[in-house]
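The values are calculated or read from the model by the stated rules, or taken from the named source; none is laboratory data. Everything quoted here is computed from the prediction, not taken from an experiment. As a convention, Cβ positions derive from the backbone with ideal geometry for all residues, glycine included, and neighbour counts pool all protein chains shown.
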Amino acid sequence: MATRINLLDWRAARRARRRKEFLTMLGLGLGAGVALLGLGYVTMTGAVDHQNQRNAYLTAQIRDLDKQIKEIEELEKVKANLVSRMNVIQQLQESRSATVHFFDEIVNTLPDGVNLESIKQSGQNVTIEGTAESSGRISAYIKNLDASPWFRNPKLVVIKTGEKNKQRNSEFTLQVTNLTKATADGDGGSAGGAP
């Protein structure tokens, strides 16, 4: 066996060994750090991509829902239009008998010697123009209108006395309110407004 003599300083050898260990650990630490950074980057990129996909899906769903909401709004408009038309038709159906009763009552309240020339209606207000043989016949007509369940508040607006065809006539204008009777005679239903 040979004797080994180390001529190197033991401290320098230990320093070199520690330095080598330090550099190795430093390399391993840097490698682990780079690996962790890469893993973090890949994880974050994957999470961002996943969230972007979810956002795109939600945006597409919102777009579809907006289209459906617009379709529903259009259908609501069509429905409201149809309901209003149905209401108008129903009112016309209900007022059909009222028109007949209105004209029937105009004729029933008309005394002899009174001729009607025009009937105009605005809402419930009715303006009647005509001629009569005397003022007494106009007075009787007003009383008949007042007694009718279909009319209220007859008012004489204008009366003119003159001669026409060698006969003395009174031209008159009346205003009366047309009422909606609760139950029309003979039909048992509600009568609508005026013609």
Selection count, segment 94-123, where residues are of a type in the set (D, E, K, R) and under 16 Å from Ile142 (Cβ atoms): 2
Does at least one position in segment 10-22 carry a residue that is of a type in the set (A, V, I, L, M, F, W, C) and exposed (fewer than 10 other Cβ atoms within 10 Å of the Cβ)? yes
Identity of the residue in segment 86-121, surrounded by 13 or more Cβ atoms within 10 Å (Cβ to Cβ) and not in a helix (DSSP H, G or I), that ends up nearest to the chain's Cα centre (by Cα): Gln121
Looking only at segment 122-144, which residues are under 45 Å from the mean Cα position of the chain (by Cα), surrounded by fewer than 18 Cβ atoms within 10 Å (Cβ to Cβ) and under 22 Å from Ser170 (Cα atoms)? Thr127, Glu129
So Val114 ticks every box in (1) under 21 Å from Ala98 (Cα atoms); (2) among the hydrophobic types (A, V, I, L, M, F, W, C); (3) modelled with pLDDT of 85 or more but one. Which box is left unticked? (1)
Residue list for segment 145-164, restricted to those being surrounded by 13 or more Cβ atoms within 10 Å (Cβ to Cβ) and without any contact (Cβ under 8 Å) to a residue 40 or more places away in the chain: Leu145, Asp146, Arg152, Pro154, Leu156, Ile159
Hits in segment 139-187 - residues which are among the aliphatic types (A, V, I, L, M) and either touching a helix residue (DSSP H, G or I) at 6+ places or on another chain (Cβ under 8 Å) or modelled with pLDDT of 85 or more (or both): Ala140, Ile142, Leu145, Ala147, Leu156, Ile159, Leu174, Val176, Ala184
